[in-house]
Amino acid sequence: MEVLTRLCEEIIKLNPTQKSFLKHSQENLSPQEWKMFCAYVEFCLSRNISLPYLASCYDLIVKDTFTEQIFFKRHGKYRFQKYAQVAESVYHNPEYMEKYMYGLALSTFLWPNHLSMHRFFLECIPANTKGHYLEVGPGHGFYFTQAAQVSSYQSFTGVDISATSVAMTQAILASGCLGKISNTEILHNDFLQWQPERKYECVVMAEVLEHVEQPEQFLEKIYQVTNISGKSFITTCINAPAIDHIYLYEDLMQLQQQVKQVGFNIERELVVPYSGLSLEQSMKQKLPVNVAMLLAK
């Protein structure tokens, strides 16, 4: 617990406005979530990643997001609409990408909306289903390692376009900080170009659709690689600007229609409005809304 207190103190040094927010965030964590959060921070420390550096990663996410929210409010659109406009500055920039991924990993526990999505993810991953698991864009690797811990799949494959993300996921798997995991493979590849040798009983694609120009192509591809009896889990966001968000979902129906058009049925759905507001209020004010879906064929 002490290590998390020290981390929050470092964050507050950089951004004092986060003090009450972080206090509330910590109070919202269950004992098991505290344990996982501590394990992740200890993993970072074991790799000589200091608490001040982790705090700067989190602060980067907070301030970059705030900057993009101002732009979105003024212009009614995301700053960029093309992958090429963000690829070099984000995905192929190891220094920025590393900080971005560490910051996002911390937000899994410190942002209520991200914590809600993570809880829903763990609810949706079956404990006893056999077969093979695929994750598109594992990023910092936290969802990937969690899935391997709570499920009974025989193999776990991740595909990510960022070499930095691939290295980070491989590192957390090798560390064993969240438990020993076997039969894993993390591939550095463009998912749309990648040709798998099998279909999968579970396909996860968290926080990817808003980062691509044509999300329908990604939905079609995960439909193709999911077994007829398998499940797919996706998350994305509506009216949620960030430095590398290029596809703007303006309402929930737009996303639902895309999912259904490729052939999926929505089995379960979680919609997380802006903190303190209803979905209707969030949509009216064009404030960020997070969405997670469990899909079946």
Given (1) more than 19 Å from residue 208 (Cβ to Cβ); (2) open to solvent by 10 Å² or more (accessible area, probe 1.4 Å); (3) in a helix (DSSP H, G or I), identify the lone condition not met by residue 127. (3)
Could you count how many residues in the stretch 140-167 are in contact (Cβ under 8 Å) with a residue 60 or more places away in the chain, over 14 Å from the mean Cα position of the chain (by Cα) and assigned to a helix (DSSP H, G or I)? 2
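For (1) of a type in the set (Ser, Thr, Tyr); (2) not in a helix (DSSP H, G or I), each residue gets a yes or a no:
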residue: 77; (1), (2): no, yes
residue: 81; (1), (2): no, yes
residue: 102; (1), (2): yes, no
residue: 117; (1), (2): no, no
Residue 282 more than 26 Å from residue 141 (Cα to Cα) and buried (at least 20 other Cβ atoms within 10 Å of the Cβ): yes
Selection count, the stretch 220-243, where residues are of a type outside the set (A, V, I, L, M, F, W, C), farther than 13 Å from residue 72 by Cα and open to solvent by less than 10 Å² (accessible area, probe 1.4 Å): 5
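Among the candidates 86, 41, which residue alone is among the β-branched types (Val, Ile, Thr), out of contact with any Asp or Glu (no Cβ under 7 Å at 6 or more places or on another chain), at pLDDT 90 or above and on the phi < 0 side of the Ramachandran plot?
Values: 86 fails: out of contact with any Asp or Glu (no Cβ under 7 Å at 6 or more places or on another chain).
Exactly one of 86, 41 is among the β-branched types (Val, Ile, Thr), out of contact with any Asp or Glu (no Cβ under 7 Å at 6 or more places or on another chain), at pLDDT 90 or above and on the phi < 0 side of the Ramachandran plot, namely 41.
Kindly establish whether residue 207 is among the acidic types (Asp, Glu) and either closer than 20 Å to residue 122 by Cα or surrounded by 18 or more Cβ atoms within 10 Å (Cβ to Cβ) (or both). Lay out the reasoning, then the answer.
Numbers: among the acidic types (Asp, Glu): yes; either closer than 20 Å to residue 122 by Cα or surrounded by 18 or more Cβ atoms within 10 Å (Cβ to Cβ) (or both): yes.
Here the answer is yes, as residue 207 does meet what is asked.
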Exactly one condition in (1) in a helix (DSSP H, G or I); (2) more than 19 Å from residue 15 (Cβ to Cβ) is false for residue 48; which is it? (1)
Every residue from the stretch 260-279 that is open to solvent by 90 Å² or more (accessible area, probe 1.4 Å) and either closer than 22 Å to residue 242 by Cα or among the small types (Gly, Ala, Ser) (or both): 274, 275
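Using the structure shown, decide if residue 80 is within 17 Å of the chain's Cα centre (by Cα), under 28 Å from residue 285 (Cβ atoms) and surrounded by 15 or more Cβ atoms within 10 Å (Cβ to Cβ). Spell out the reasoning first.
Details: within 17 Å of the chain's Cα centre (by Cα): no; under 28 Å from residue 285 (Cβ atoms): yes; surrounded by 15 or more Cβ atoms within 10 Å (Cβ to Cβ): yes.
In short, no.
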Return only the number of the condition from (1) assigned to a helix (DSSP H, G or I); (2) under 21 Å from residue 289 (Cβ atoms) that residue 39 does not satisfy. (2)
Which number in (1) under 16 Å from the mean Cα position of the chain (by Cα); (2) surrounded by fewer than 22 Cβ atoms within 10 Å (Cβ to Cβ) marks the one condition that residue 185 misses? (1)
Which numbered condition trips up residue 90, out of (1) assigned to a helix (DSSP H, G or I); (2) surrounded by fewer than 18 Cβ atoms within 10 Å (Cβ to Cβ); (3) in contact (Cβ under 8 Å) with a residue 60 or more places away in the chain? (2)
Among the numbered conditions (1) closer than 28 Å to residue 22 by Cβ; (2) in contact (Cβ under 8 Å) with a residue 12 or more places away in the chain; (3) in the same structural domain as residue 289 (by the TED database), tell me where residue 126 comes up short. (1)
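It is to be established whether one or more residues within the stretch 35-57 are farther than 22 Å from residue 169 by Cα and surrounded by fewer than 18 Cβ atoms within 10 Å (Cβ to Cβ). Quick ask: steps written out before the conclusion?
To start, the set of residues in the stretch 35-57 that are farther than 22 Å from residue 169 by Cα comprises none.
For the stretch 35-57, residues farther than 22 Å from residue 169 by Cα and surrounded by fewer than 18 Cβ atoms within 10 Å (Cβ to Cβ): absent.
Whether any residue in the stretch 63-74 is open to solvent by less than 20 Å² (accessible area, probe 1.4 Å), in a helix (DSSP H, G or I), over 24 Å from residue 144 (Cα atoms) and charged (D, E, K, R) is what I want to check. Write out each step before concluding.
Our first condition is that a residue be open to solvent by less than 20 Å² (accessible area, probe 1.4 Å); within the stretch 63-74, this holds for 68, 72.
Remaining after also requiring in a helix (DSSP H, G or I): 68, 72.
Those left that are additionally over 24 Å from residue 144 (Cα atoms): 68, 72.
Those still in the list that are charged (D, E, K, R) too: 68.
For the stretch 63-74, residues open to solvent by less than 20 Å² (accessible area, probe 1.4 Å), in a helix (DSSP H, G or I), over 24 Å from residue 144 (Cα atoms) and charged (D, E, K, R): present.
The values are calculated or read from the model by the stated rules, or taken from the named source; none is laboratory data. Since we're looking at a predicted model, the values are computed, not measured. Backbone-built Cβ (ideal geometry, glycine too); neighbour counts: all protein chains shown. Only protein heavy atoms, including side chains, enter the accessible area calculation; ligands, DNA and RNA are left aside. Shrake-Rupley method; radii C 1.70, N 1.55, O 1.52, S 1.80 Å.
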